[in-house]
Structures are given as structure tokens and as C-alpha cells.
Amino acid sequence: MTLVDLHSHILPGVDDGSPDLATSLELAQEAVADGVTHMLLTPHHMDSNYVNHKKDVVERTQAFQQALEQEQIPLKVFPGQEVHLTEHLIEAIDHDDVLYADAGNRYLMLELPHTHVPEYFMRNILPELQTRGITPVIVHPERNQGIQRNHQLLYDMVRAGCLTQLTASSYLDAFGEHVTQLTQEIIDANLGTTFSSDAHAYKGRRSRMSAAYQKLADNDRDKAVTYTGNAKAILNGEDVPVPEIQAIRTKKKSLWDKLFKSRK
Ligand SMILES: [Fe+2]
């Protein structure tokens with residue numbers, strides 16, 4: 001299986017991902033062993049902790065590609081960012097300080113705040129993005145607390161034209177049974193577009209792409225093929241086929257209610 005990973009923190013020394021080149025090479029080797037051939041490097045950008053300007057990421061990605069070639073690790077890497085949603089997103093786009101998943105600036109890997117989905121996203125930002133021909137790919141929606149509380153929010157975003165990137169390890173067991181379950185429900189409702197690793201250097205957050213794809217193929221072989229194709233299409237800036245979507249049917253409503261009551 002050859003896989004495209006659209007979300008990774010293995011560029012050395014830029015965020016909470018890999019701390020140094022040796023670790024990055026090790027993570028790259030693991031990804032290759034896991035079946036990944038092409039990887040978008042997506043350091044955090046514009047979240048509360050990190051700013052990784054476009055120019056720096058492009059230069060560092062070139063240097064990392066050279067290091068991979070020197071070590072004969074067969075991984076092709078591309079410069080990207082995990083862009084955090086803020087009210088200044090459109091400004092950053094217009095100042096050319098944002099990297100896309102593809103060279104044609106069509107798909108944007110967009111992270112929502114973890115605790116909620118800001119109301120201004122659907123009202124202001126999404127239409128502004130779409131006016132510029134940009135489609136947001138919402139990263140790890142299954143881990144967003146606003147979506148966890150209200151699954152309808154994700155349906156509304158996909159219906160309005162967003163794509164989504166589910167995290168491979170969410171589909172396995174990295175974030176608890178409730179997140180695994182929600183990931184499955186998102187997949188079943190046709191609200192998922194593809195898997196990526198969101199690989200970091202720490203345990204449990206490594207590349208687990210092949211295991212996630214295997215689990216998906218065991219449930220629905222055609223969908224696993226579609227997900228791998230969608231990742232390639234996003235990286236190439238090509239059309240992604242849009243399936244018929246459904247509302248999420250949760251089997252764990254009482255679990256979510258209990259969880260959020262205890263978080264108050
Ligand atoms: Fe990430």
C-alpha cells in the first residue's frame with residue numbers, strides 16, 4: 001500500500017513535534033515502513049504557541065528533503081502548515097503567509113480551536129475562503145470539543161463545502177473509546193475525507209496509517225480505497241469526489257453527556 005500523509009509534525013525543531021534532525025529521520029523511516037511515500041509537513045501556524053512563516057517552512061522542508069536523500073530514506077516531503085483558525089486568517093492569506101496542501105493553493109489544512117467551533121467560521125471565514133477558491137480541510141474534527149458536544153456542527157461544515165481529515169490514531173485507540181467511536185460515526189455518515197497521521201515524536205502519536213487503513217478496509221474496502229485516493233487528490237490539488245452525506249448517528253449520546261457534565 002502506498003499512502004499520502006497530509007498532516008505531520010516531523011519537520012525538525014519548529015513546533016511540539018520532532019525536536020531534532022535525528023528524531024525526524026527516525027520518524028520518516030517509521031512512516032516509510034508504515035507505507036507512506038509522500039508527506040505534507042505541517043508545523044503549527046498561528047495557534048497560541050507557534051508561528052511558522054511560509055518562507056521558513058519552505059526552506060526547512062528543502063533542507064529536510066536533502067537530509068532524507070542523503071540517508072536514502074524514500075520519502076518525498078512537501079511544505080505545509082497546520083493553520084489554526086483565528087479571526088486574522090484571511091489577513092494572513094492575503095499577506096501570502098499561508099501554505100496549502102497543494103501547489104495550486106486550493107486545499108487548506110485548517111485546525112479549529114480545540115474547545116469549540118467559533119461562530120464566525122461559518123459566517124465570515126468560510127465564505128471568504130470560498131470566494132478565493134480555497135477549500136478548508138478540517139483537521140481532526142473528531143477531537144474538537146464543540147463537535148463532540150454537537151455532531152451537527154460537522155455535518156453543517158461538510159454540507160457547506162469543507163473536507164475533513166481524520167487522524168489515523170483516533171480511529172485506533174490513542175484518544176479513548178469515545179473518540180474512536182465518533183471517528184467511526186463520522187466515517188459511516190460519509191463526513192470523513194481521508195486519514196492522516198498527525199505524527200509527533202511521542203509514543204502513541206507515531207505514524208499508524210497502515211493500521212487505520214486496514215481497520216477501515218476490514219469494515220468497508222471501497223471507502224479505504226476512496227480515502228487513499230482523496231489524500232492524493234488533495235496533495236495534487238485535484239477534485240475530491242463528494243459522497244452523499246448523512247447526519248451523524250451516535251450510539252454514545254449518554255457517554256458524551258456524562259463526559260461534558262464532568263468537564264464543567
Ligand atoms: Fe497537528
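The values are calculated or read from the model by the stated rules, or taken from the named source; none is laboratory data. Predicted model only: the values in this text are computed from it and were never measured. Counting neighbours? That spans all protein chains shown, and the Cβs are built from the backbone with ideal geometry, glycine included.
A few comments on the model shown:
- The set of residues in the range 73-92 being within 16 Å of H44 (Cα to Cα) and either under 19 Å from the mean Cα position of the chain (by Cα) or small (G, A, S) (or both) consists of F78, P79, G80, Q81, E82, V83, H84, L85, T86, L89, A92.
- Number of positions in the range 19-46 that are surrounded by fewer than 19 Cβ atoms within 10 Å (Cβ to Cβ) and either farther than 24 Å from V137 by Cβ or modelled with pLDDT under 95 (or both): 8
- Exclusive hit being in contact with a helix residue (DSSP H, G or I) (Cβ under 6 Å, 6 or more places away or on another chain) and either acidic (D, E) or away from the ligand (no atom under 16 Å from the Cβ) (or both), set G192, G229: G192
- Residue that is surrounded by the most Cβ atoms within 10 Å (Cβ to Cβ), among those in the range 203-260 that are among the β-branched types (V, I, T) and within 17 Å of E185 (Cβ to Cβ): I248
- W256 satisfies every condition listed in (1) at pLDDT 95 or above; (2) assigned to a helix (DSSP H, G or I) except (1).
- Of all positions in the range 142-165, none carries a residue that is under 17 Å from T2 (Cα atoms) and modelled with pLDDT of 95 or more.
- Strands (runs of 3 or more DSSP E) fully within the range 61-167 that include at least 2 residues being out of contact with any His (no Cβ under 7 Å at 6 or more places or on another chain): 76-79, 107-111, 135-139, 163-167.
- Within the range 1-28, considering residues that are outside any loop (DSSP other than H, G, I, E, B) and without any contact (Cβ under 8 Å) to a residue 24 or more places away in the chain, the one farthest from the ligand (Cβ to nearest atom): A22
- If the condition is being touching a strand residue (DSSP E or B) at 6+ places or on another chain (Cβ under 6 Å), more than 16 Å from the ligand (Cβ to nearest atom) and either aliphatic (A, V, I, L, M) or free of Cβ contacts under 8 Å to residues at least 60 places away in the same chain (or both), then the range 29-60 contributes only V58.
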